[in-house]
1. Being of a type in the set (A, V, I, L, M, F, W, C) and under 18 Å from the mean Cα position of the chain (by Cα) is true for just one of Ala232, Ala207, Ala212. Which residue is that?
2. If a residue has to be over 27 Å from Lys26 (Cα atoms) and charged (D, E, K, R) to count, how many in the stretch 47-77 make the cut?
3. Could we say that Arg2 is part of a helix (DSSP H, G or I), in contact (Cβ under 8 Å) with a residue 12 or more places away in the chain and more than 14 Å from the chain's Cα centre (by Cα) here?
4. Kindly indicate whether Ala58 is farther than 18 Å from Leu226 by Cβ, of a type in the set (Gly, Ala, Ser) and under 15 Å from the mean Cα position of the chain (by Cα).
5. Among the residues of the stretch 14-51, how many are in a loop (DSSP other than H, G, I, E, B), over 9 Å from the mean Cα position of the chain (by Cα) and more than 23 Å from Val254 (Cβ to Cβ)?
6. With farther than 25 Å from Arg156 by Cβ, in contact (Cβ under 8 Å) with a residue 24 or more places away in the chain and either touching a Phe, Trp or Tyr at 6+ places or on another chain (Cβ under 8 Å) or among the aliphatic types (A, V, I, L, M) (or both) as the only criterion, which of Ala58, Ala39, Ala11, Ala29 stands out?
Amino acid sequence: MRPLTLLCIFAHPDDESMGMGATLAKYAAEGIETHLVCATRGERGWFGPEEQNPGPGALGQLREGELRRAADALGMTTVHFLDYIDGDLDQADPVEAIGKIVTLIRSIQPQVIVTFPPDGNYGHPDHIAIGQFTQAAIVCAADASYADAKNLPPHRISKLYYMVDGENFIHFIAPLMGDMTFIVDDQTRSETAWKEWMITTRVEMSAHCATALRAIKCHQSQLATLGPLADAPEEMVAQALTMQGAFYRAFSLVNGGRKVETDLFEGLR
């Protein structure tokens, strides 16, 4: 049997650390292979003075470096980029994007994949797009009749999870984050808290929050997105991180039921 392997497929550098850094650190510390696919390099994610904006190319290089340092801090096995442009992911050719992800799924051969839920957590179009591409790629990767760019054999994963934010977590961080709304197509979008009963899986990873915080700090260009939380005492930030580790089991071939899991690999160990 292959070693236990986790593949996360996200849209931007920092999604991994700010979203589930402590969970990734926990599994890496257990000797589980943890891999990351990042769709873009976050080329448009500049939050400093506009006159200091280095431009998309230079910012993408900067953020790639931040991501690689964060991945090293978390003990991740590999990092892969799909080479799409930040903010344009929902305009990507779906055949091409799905094909790229299929090749990586078949190469890495994970048992478990984590991506964004259908609402993208807070409505970000890139988050929604990568979640959709990922789910289509999971189907294609298992299909022996689907030919990817490297003609790799099919691979069927065992479990798919959405990385979600529960109500308790959102209620805790909302006063520390400031305004979390933004406009897309003249409509206001914001964080969507999942009801606590909707969460299928809670990973206990509090022992790894310090590692997650180190990884978050690697993303220096993005700390402004945390609002007042970026300047909060480390104890408060650590408390917020302990409230992450919430996931929705979108499907599993190895277990089920409404009992809340404590392990993304439940049924596989």
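Only the coordinates and a few stated rules stand behind these numbers; no lab work does. Just so you know, these numbers come straight off a predicted model, no measurement behind them. Here Cβ is always computed from backbone atoms with ideal geometry, including for glycine, and neighbour counts include all displayed protein chains.
1. On the way: Ala232 fails: under 18 Å from the mean Cα position of the chain (by Cα); Ala207 fails: under 18 Å from the mean Cα position of the chain (by Cα).
Criteria check complete, one pass: Ala212.
2. Qualifying residue count, the stretch 47-77: 2.
3. no
4. Considered against the rule, which asks whether it is farther than 18 Å from Leu226 by Cβ, of a type in the set (Gly, Ala, Ser) and under 15 Å from the mean Cα position of the chain (by Cα), Ala58 comes out as no.
5. Summing the residues that are in a loop (DSSP other than H, G, I, E, B), over 9 Å from the mean Cα position of the chain (by Cα) and more than 23 Å from Val254 (Cβ to Cβ) in the stretch 14-51 gives 9.
6. Ala29
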